[in-house]
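Written out below as structure tokens is the structure these notes cover.
The values are calculated or read from the model by the stated rules, or taken from the named source; none is laboratory data. It should be emphasised that the depicted structure is a prediction, and the values quoted were computed from it without experimental measurement. We place every Cβ from the backbone using ideal geometry, glycine too, and count neighbours over all the protein chains shown. Accessible surface areas use protein heavy atoms only, side chains included; no ligands, DNA or RNA. Shrake-Rupley method; radii C 1.70, N 1.55, O 1.52, S 1.80 Å.
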Amino acid sequence: MKKWLITGAVVIVLIGLGAWAIVSIRPPPPKRCGTPGGPPITAPRIRLSDGRYLAYEEHGVSRQNATFKIVFIHAFSTFRRDAVIANRVRPGFLEKNGIYVVSYDRPGYGESDPHSSRNEKTLAHDVEQLADQLQLGSKFYVVGYSMGGQAVWGVLKYIPHRLAGATLLCPVTNSWWPSFPDSLTWELWNKQSKSERFAMLVTHHTPWLLYWWNNQKLFATTAVMQSSPTMFSPQDLALLPKLAARVSYKNQTTQQGTHESLDRDLIVGFGKWSFDPMKIENPFPKGEGSVHMWQGDDDRLVPIQLQRIIAQKLSWIKYHEIPGAGHIFPMADGMAETVLKELLPIPQSS
């Protein structure tokens, strides 16, 4: 009898642990905007071909009167309201130069519906459908900041014929892209903390565990998930006060759930890509447009060594390296205007 009691207790404990494990690794369903119990819909949205909704915000001159039309793609843990190229310019700059900017919420962020199968290709086609439904014309510009670079690489790969020009602002790189030299990726790997390495392995090989990893309390998670000061350079720290305005609305960023926004971002960014960005062909072989990459040499999130390799292999990209700059250098006074003047054929004195 005692033996049976012990066996039964063990079975109950194992069942309990199994149930706990299932609950721990399974993310909760997203709180979709406009559904019972979900956040309200406050922004204009378009409906995509697969039925999802994409929320957006417009800046500058009207679409109808614009000389230049730009789709801005936001960074990690931000959303449509964080359009740095529209928010960090002098009053009247966009209007004076005939610039229209539309920023949108990537899937799962803000008020855009989640997309559990999103990847670099679907992100590119989201951009194309947004441009088409807003009637931006046959060609338009794209600017992607940090994790927004996923979509820009996708646009360069899958719909280059729609581009008038493109800019990558310190785009997050994926060390698993095959064109990176193994010696360099191993060197950078060995400089990471154990928690950062484990997070990268989970994200790349077992993404179904990422929700659990990012929410467990036993071990330290990544610096970016903790918003650790270690991820900021001295220049970044000096620029942080410029982000104070975000306090009033930052909770809207992940209001539908962190898994379909932050986790999915990491899974796409550091997962298995269907192409190698360093094999992309020049979308402007006749010089009818340009592609730019901007990178601070003191970026603590994106290794400068990897960006230099990309610039070397894709020599048609105009590479701008900023001495002393960190990851949030686009917030610096005058930087957004400088970026736009390099991308667009507007007078430098504007």
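Going by a ≥ b ≥ c, the root eigenvalues of the Cα gyration tensor, does the chain fall in the rounded group (a/c under 1.5), the prolate group (a/b larger than b/c) or the oblate group?
Working: a/c = 1.94, a/b = 1.55, b/c = 1.25.
Judged from the Cα gyration tensor, the chain comes out prolate (a/c at least 1.5, a/b above b/c).
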Please give the charge dipole size of segment 133-292, origin at the Cα centre, charges +1 on K and R Cβ atoms and -1 on D and E Cβ atoms. Round to the nearest 20 debye. 240
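For segment 50-132, what is the charge dipole size about the Cα centre, in debye to the nearest 20, if Lys and Arg each add +1 at the Cβ and Asp and Glu each add -1 at the Cβ? Numbers along the way, then the final one.
Numbers: 11 positive and 12 negative charges, 72 e Å.
That gives segment 50-132 a dipole magnitude of about 340 debye.
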Once normalised by the length of segment 25-119, the mean sequence separation of its alpha carbon contacts under 8 Å that are 6 or more apart gives a contact order in percent of 33
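For Cα pairs less than 8 Å apart in space and 6+ apart in sequence, what is the mean separation divided by the residue count of the chain, i.e. the relative contact order in percent?
Values: 570 pairs, mean separation 71.6, N = 350.
So the answer I get is 20 percent.
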Count, lysine Cα pairs under 29 Å in segment 188-332, 8 or more residues apart or across chains: 17
Can you show me the helix-derived [θ] at 222 nm for the chain, built from DSSP H runs with n ≥ 4 at -39,500 (n - 2.57) apiece and divided by the number of residues, rounded to the nearest 500. -10000 deg cm²/dmol
Would you mind working out the accessible area per residue for the chain, using a 1.4 Å probe, and quoting it in Å²? 47
Which of F140, A124, S179 sits farthest toward the positive end of the charge dipole of segment 38-194, with +1 on the Cβ of Lys and Arg and -1 on the Cβ of Asp and Glu? F140
Sequence order, segment 73-81: Karplus ³J(HN,Hα) from phi using 6.51 cos²θ - 1.76 cosθ + 1.60, θ = phi - 60°, Hz rounded, Gly and Pro as x, gives 10, 6, 8, 5, 6, 10, 8, 4, 6
With θ taken as phi - 60° and the coefficients 6.51, -1.76 and 1.60, list the Karplus ³J(HN,Hα) couplings across segment 296-307 in order, rounded to whole Hz; mark glycine and proline as x. x, 7, 10, 6, 8, 9, 10, x, 4, 4, 6, 5
What list of ³J(HN,Hα) couplings, whole Hz, do you get for segment 169-180 from phi and the Karplus terms 6.51, -1.76, 1.60, once you set θ to phi - 60° and write x for glycine and proline? 9, 5, x, 5, 9, 10, 4, 7, 4, x, 7, 6
Under a 5 Å amide H to amide H cut-off, with H placed in plane at 1.01 Å, what residues pair with M293 once short-range neighbours are removed? L168, K318, Y319, H320
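Normalising by the residue count of segment 198-350, find the relative contact order in percent from Cα pairs under 8 Å and 6+ residues apart.
Numbers: 129 pairs, mean separation 40.5, N = 153.
Averaging sequence separation for qualifying contacts and normalising by length gives 26 percent for segment 198-350.
Measure off, as a whole percent, the carbon and sulfur share of the 1.4 Å-probe accessible area of the chain, all protein chains present. Could you put the intermediate results ahead of the total?
Numbers: 9420 of 16440 Å².
It is 57 percent, rounded to a whole number.
Taking the Cα centre of the chain as origin, sum charge times position over the Cβ atoms of Lys and Arg (+1) and Asp and Glu (-1), and report the length of that vector in debye to the nearest 20. Working shown, then result.
Numbers: 37 positive and 29 negative charges, 164 e Å.
The dipole magnitude comes to about 780 debye.
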Considering amide H positions built from the backbone, and no H for Pro or chain starts, which residues 5 or more places from I73, or on another chain, come under 5 Å of its amide H? V143, G144, Y145
Charge tally in the Cβ shell below 14 Å around C170, where Lys, Arg are +1 and Asp, Glu are -1, C170 excluded: -3
In the chain, what % of DSSP beta bridges are antiparallel (nearest 5)? 25
Around F140 (Cβ within 9 Å, Cβ-to-Cβ, excluding F140; K/R +1, D/E -1) the net charge comes to +3
